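The block underneath contains the structure these notes are about, expressed in structure tokens.
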Amino acid sequence: MDYFNYKDNELYAEDLKVSALAQKFGTPLYIYSKATLVRHMQAFEQALAGKKHLICYAVKANSNLALLSLMRSLGAGFDVVSEGELRRVLKIGADPKKVIFSGVGKTRAELSLALQSGIGCINVESSAELETLSQLCAELKLPARVALRVNPDVDAKTHPSISTGLKSNKFGIAAEDAFALYQRIAADPYLKVSGIDCHIGSQMTSNGPIAEATEKLLTLYGKLEEAGILVDHIDIGGGLGVTYGDETPPSPYEYMAAVLKRVGKRDVSIYVEPGRAMVANAGILVSQVQYLKPTSSKNFCIVDAGMSDLIRPALYNSWMNIIECTRHDEPKVLYDVVGPICESDDFLGKERKLAVQPGDFIAVRGAGAYGMAMASNYNARRLPCEILVDGSTVHVIRKRQSFEDLWQHEDALQF
């Protein structure tokens, strides 16, 4: 459910007309809906009601400080994968004990900051990382709460580039190797076993893979319990899919019910790391039509947003819904919606039926996750403006980059 809807043929973001926002703030423009984010957070909370839990928003999906502040105010913890993301959540006053640090390539500097910040849990992804963490803890004389990210070898049935739970993926520790490493953690004076973690992929549209992965985690949980190694939480990761087009992913309630059914009455907290499911459909990217270019083979709708603003279609061939901000009565035409970047793969969508004219605005739905987070300055283009709508109030949460910003850290030298 989101709060981007048509009223009298005009697309609205909550109570504000999208075309008016585009005219005021310029395009490309990211627009987020506060009410949608609140609704999504409530859905996860209700899905886990009655069970000890922690909802850790996956910062990589969208790391804007305003959105992080909103998530903190709603009670969320945070899943971070870099020093920059950790510093962002600390910047907005997040409780370090509600922060978990994931990622396969944590540096010594990143682990040191995590230890000194007193974060809630470090999700270790290899025996080598565990050894580095143990050494750092001893050097700094600081304890660490640890979970192993277990690779359960479960196919998430998603795009190969966002599948992370197979043996062929770089992520996690093989399930058959995890028990010995937990014994190593339990014997370390500075390390404390906290949880079992897994994340098998993103944009999952059925309960089957997460149910299978949970079963494998619980097998390990039972083995640890028999050995006297107590685990206080099971982290099932993120990955719940969203509707971009005709997908029918389970609701958070249905998704979590599959996990809770298998956990049963075990005295263990459930951690979950939603990113895409939390923020994707809470945001749109608005762009202005520049030219309509008919050719002998196809029609092009050339807009002012491109792969530097939203790379998912070019990178993953992702289908994202593109709609008019103002609906017209004129017949729709089949277009490839393309941007200004000098790459053949610079497109937002192919073969889309639209009724548009130059100067009109279009909106790409589902752009709240991995949109601005993956934006770049390619072709020396400025990063877009981001705004947050709250009813009839609008907040600028990131100003459009200036041209001077593009080279402020460079030195031209004099030759």
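Matching residues to (1) buried (at least 19 other Cβ atoms within 10 Å of the Cβ); (2) more than 23 Å from the chain's Cα centre (by Cα); (3) outside the structural domain of K223 (by TED's automatic domain parsing); (4) at pLDDT 85 or above:
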residue	(1), (2), (3), (4)
P160	no, no, no, no
S163	yes, no, no, no
N169	no, no, no, no
E176	no, yes, no, yes
Is at least one residue of the stretch 376-394 part of a helix (DSSP H, G or I) and in contact (Cβ under 8 Å) with a residue 40 or more places away in the chain?
yes
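Among the residues of the stretch 331-357, which ones are small (G, A, S), farther than 19 Å from P28 by Cα and either touching a residue at least 60 places away in the same chain (Cβ under 8 Å) or surrounded by 12 or more Cβ atoms within 10 Å (Cβ to Cβ) (or both)?
Narrowing the stretch 331-357 to residues small (G, A, S): 339, 344, 349, 355.
Among the residues that remain, those that are also farther than 19 Å from P28 by Cα are: 344, 355.
Result: A355, single match.
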Restricting attention to the stretch 267-282, report how many residues are of a type in the set (S, T, N, Q) and either closer than 14 Å to V38 by Cβ or touching a helix residue (DSSP H, G or I) at 6+ places or on another chain (Cβ under 6 Å) (or both).
1
Residue check: is I284 of a type in the set (A, V, I, L, M), at pLDDT 95 or above and in contact with a strand residue (DSSP E or B) (Cβ under 8 Å, 6 or more places away or on another chain)?
yes
Exclusive hit being in the same structural domain as V104 (by TED's automatic domain parsing), under 16 Å from the mean Cα position of the chain (by Cα), more than 19 Å from A277 (Cβ to Cβ) and modelled with pLDDT of 95 or more, set R72, R88
R88
Qualifying positions in the stretch 217-227 - in a helix (DSSP H, G or I) and either more than 25 Å from the chain's Cα centre (by Cα) or modelled with pLDDT of 90 or more (or both)
L218, T219, L220, Y221, G222, K223, L224, E225, E226
Condition (residue is hydrophobic (A, V, I, L, M, F, W, C), more than 29 Å from D2 (Cα to Cα) and surrounded by 12 or more Cβ atoms within 10 Å (Cβ to Cβ)) applied to the stretch 384-395: is it met by at least one residue?
no
Got a sec? Which of E85, E45, E110 is free of Cβ contacts under 8 Å to residues at least 40 places away in the same chain, part of a helix (DSSP H, G or I) and buried (at least 22 other Cβ atoms within 10 Å of the Cβ)?
E85
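Name the one entry in S308, S296 that is more than 30 Å from K98 (Cα to Cα), free of Cβ contacts under 8 Å to residues at least 24 places away in the same chain and assigned to a loop (DSSP other than H, G, I, E, B). Walk me through how you get there before you give the answer.
Details: S308 fails: free of Cβ contacts under 8 Å to residues at least 24 places away in the same chain.
Answer to the selection: S296.
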Condition first: buried (at least 23 other Cβ atoms within 10 Å of the Cβ) and not small (G, A, S). Now tell me which residues in the stretch 28-39 satisfy that.
P28, L29, Y30, I31, Y32, T36, L37
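The values are calculated or read from the model by the stated rules, or taken from the named source; none is laboratory data. Keep in mind that this is a model prediction, so the values were computed, not measured. We place every Cβ from the backbone using ideal geometry, glycine too, and count neighbours over all the protein chains shown.
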